[in-house]
Amino acid sequence: MSLLETKDLVSGYHKIRVLQGVSVQVDRHELVGIIGPNGAGKTTLLRTIAGIVKPWSGQVLLDGIRADGLPAYKIARAGLAYVPDSRELFPNLTLFEHLKLNHSMLSSPDEFESVLERILDLFPQLKDRLSQKVGTMSGGEQQMVAIARALISDPKVLTLDEPSTGIAPRIVYGIYDMLKGLKKKLGILLVEQNAELVFEVADRVYLMDRGSIVKEGTPEELTKDELVKRTYLA
């Protein structure tokens, strides 16, 4: 059974239909990438999975349980963590306050200290920043905070939208190395504009365009595809 699966998912904004019946899946211990041009519907797909955008039809299954139509907080409590491209951090709160707040809403308070230790082991750069306000951190550090905040709830599935945007390459590669290790514990669905980065870490990749999945396969398979090579790897 897949940890995360969408079946013929349709959604959009107001009367504008964006997703045209999207079916994707993420298995246990798997990192799945989604690439595609701007406006392809990648962000809308993640927002619909997370419950921020309500699906018009189709299904979202989280560890075999129907999640489509549930409020976002219930989907989060069921085990889905979402890192948006905008990060959506509170600049005047400290790193500790971000982690404590998210954990208190989604998990048992008794587990906080042990989970916090595991999170800081993933991001050693943040160990001395617990009392620092997030608004004073660099873009790369803020991205780490956004991912750490998502992981503090010990999710089953982690979804990330463009985690490399606006970050120095050195930090990007560090984050991607961390994601490769994380898939041993959970499923990961990653939207990324940089196809080469995705192909380095993903087990499978979907290509989206105009709200639909147009190609899928392993990185090895897709790097041989002429359209993919011409458009994303040139």
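Points worth noting:
- Global geometry of region 111-204, whether rounded, prolate or oblate, following the gyration tensor of its Cα atoms and the 1.5 cut on a/c: oblate
- Whether region 35-141 is rounded, prolate or oblate, judged on the alpha carbon gyration tensor where a/c under 1.5 counts as rounded: oblate
- Full-stretch length increase - residue 93, residue 113 - with 0.36 nm per residue and alpha-carbon distance subtracted: 5.3 nm
- Taking 7 Å steps out from each Cα toward its Cβ at residue 170 and residue 203 produces label points 3.3 nm apart.
- Extension gain (nm, one decimal) between residue 130 and residue 56, 0.36 nm per residue minus Cα-Cα: 22.5 nm
- Max mean-square fluctuation residue, GNM over the chain, Cα-Cα springs under 10 Å, options 162, 117, 30: 117
- Backbone geometry of region 216-225 corresponds, through the Karplus equation with coefficients 6.51, -1.76 and 1.60 at θ = phi - 60°, to 3J(HN,Hα) couplings of 8, x, 6, x, 4, 5, 6, 5, 8, 7 Hz, x marking Gly and Pro.
- Dipole moment magnitude, nearest 20 debye, the chain about Cα centre, only Lys, Arg, Asp, Glu C-beta charged: 540
- With Cα atoms defining each centre, region 75-103 and region 138-187 are spaced 12 Å apart in the structure.
- For residue 215, distant residues with modelled amide H under 5 Å away: 207
- Multiplying the residue separation of residue 138 and residue 184 by 0.36 nm and removing their Cα-Cα distance gives an extension gain of 13.7 nm.
- Normalised contact order of the chain, rounded percent, pairs of Cα under 8 Å and 6 or more residues apart: 29
- Springs join every pair of Cα atoms under 10 Å in this Gaussian network model of the chain, and among 145, 83, 214 the largest mean-square fluctuation is at 214.
- Calculated [θ] (222 nm, deg cm²/dmol) that DSSP helices of n ≥ 4 give over the chain, each run adding -39,500 (n - 2.57): -10000 deg cm²/dmol
- As a calculated quantity, the FRET efficiency between residue 13 and residue 194 at R0 = 30 Å, using C-beta atoms, amounts to about 0.70.
Values quoted throughout were computed directly from the atomic coordinates according to the rules given, and no laboratory measurement underlies them. Because the structure is a prediction, the values reported are computed rather than measured. We place every Cβ from the backbone using ideal geometry, glycine too, and count neighbours over all the protein chains shown.
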